[in-house]
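K.L.:
Encoded as structure tokens, here's the structure I'll be asking about.
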Amino acid sequence: MIKKNRALNQGFMLLEVAGAIFLISFLMISFTETFFGCSNSILKTKEKTYAVNIAQTYAEILTNIEADVLFSNYSNCSFEKDEFYVQTYVDVLTEREGENNQSKGSLKITVLVSKNGRELAEIKTFRKAGWENEK
């Protein structure tokens with residue numbers, strides 16, 4: 001009878017060890033997935049931050065360039081910066097004021113940064129165009 005109980009206890013012990021190994025392996029898989037998910041998220045955030053920095057740099061440069069150079073070189077322009085694809089757009093906006101129909105010009109400058117067809121950053125800024133016309 002004692003041998004029978006010992007064999008039964010060893011059988012239960014074997015099942016407990018197998019269950020513990022299964023549970024530990026399941027937890028390791030979950031932790032591994034979580035680790036790689038967090039690492040991927042950090043890399044995407046780093047990439048997006050770099051793209052925003054590129055867009056800010058070009059937006060600052062374009063707001064300080066003379067209007068004729070801005071239109072001739074950077075209106076609907078696209079180029080590559082590192083592994084990113086940068087597009088710049090310049091639009092003319094006018095406003096009419098009051099009854100005397102005075103118009104003021106301003107420029108809307110848009111810088112769009114993308115990578116592999118995914119848009120990562122877009123910055124829009126405005127600047128005075130420097131003209132006032134009577135109409």
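The values are calculated or read from the model by the stated rules, or taken from the named source; none is laboratory data. Nothing here was measured: the structure is a model prediction, and the numbers come from that model. Here the Cβ positions follow ideal geometry from the backbone for every residue, glycine too, while neighbour counts run over all protein chains shown.
K.L.:
For segment 32-135, give me every one of the strands (runs of 3 or more DSSP E) that falls completely inside it and has 2 or more residues that are within 12 Å of the chain's Cα centre (by Cα) and either at pLDDT 90 or above or surrounded by 10 or more Cβ atoms within 10 Å (Cβ to Cβ) (or both).
P.N.:
Filter on segment 32-135 gives 102-115, 118-134.
K.L.:
Go through segment 31-88 residue by residue and tally those that are closer than 25 Å to residue 105 by Cβ and either in contact (Cβ under 8 Å) with a residue 24 or more places away in the chain or touching a Leu at 6+ places or on another chain (Cβ under 8 Å) (or both).
P.N.:
11
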